């Protein structure tokens with residue numbers, strides 16, 4: 001890769017809305033299972049990002065040469081019985097930069113952020129068969145279950161999702 005990968009927390013979307021929208025469109029076009037189906041319009045991408053930030057959502061981005069090449073969200077549970085847990089959501093790495101440790105670095109940064117927020121349990125889910133399954137198991141996430149026919153793919157087929165958890169002590 002050559003350049004240094006930098007992970008930053010985003011507190012305001014204004015300066016990053018364009019790049020984040022481009023990232024989202026690109027990963028959806030490439031078939032990422034993150035809740036959207038292609039084709040995704042710029043308007044829909046912008047609309048999505050405008051709703052992301054809240055006190056319960058931490059948005060981390062990966063930058064190479066000051067350009068956003070990946071992102072992940074950490075959703076902090078605020079229910080009284082769940083203040084010890086968080087959920088990983090929308091892990092994205094730009095297709096042109098995959099297989100360079102961006103996803104792994106973002107996940108490790110999210111885990112560290114969870115520790116700072118005293119979240120000792122992390123959960124996530126991903127489509128069965130995606131390469132992300134290998135990433136999560138390599139980071140010691142434990143498969144908790146599988147739900148068939150959970151999410152529709154771009155080709156209209158229904159795919160199973162796998163739920164994972166990790167004790168983050």
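A short reminder: the numbers here are calculations on the coordinates, not readings from a lab. Treat the numbers as computed from the prediction; the structure is a model and nothing was measured. Here Cβ is always computed from backbone atoms with ideal geometry, including for glycine, and neighbour counts include all displayed protein chains.
For segment 1-84, rounded, prolate or oblate, judged on the Cα gyration tensor with a ≥ b ≥ c (square roots of eigenvalues), a/c < 1.5 rounded, else prolate if a/b > b/c?
Oblate.
Within 10 Å, count the other beta carbons around each residue, average over each peptide in 125-137, 155-167, and list them highest first.
125-137, 155-167
Going by average Cβ density within 10 Å per residue, which order do the peptides 58-66, 84-92, 5-13 take, highest to lowest?
84-92, 58-66, 5-13
Using only DSSP helix segments of four residues or longer, with each worth -39500 (n - 2.57), what per-residue ellipticity at 222 nm results for the chain after dividing by its residue count and rounding to 500?
It lands at -8000 deg cm²/dmol.
If eta is 0.692 mPa s and T is 37 °C, what Stokes-Einstein diffusion coefficient results for the chain, Kirkwood Rh from Cα pairs, in µm²/s?
Approximately 200 µm²/s, per Stokes-Einstein.
So how do 99-110, 39-50 stack up, highest first, on mean other-Cβ count within 10 Å?
99-110, 39-50
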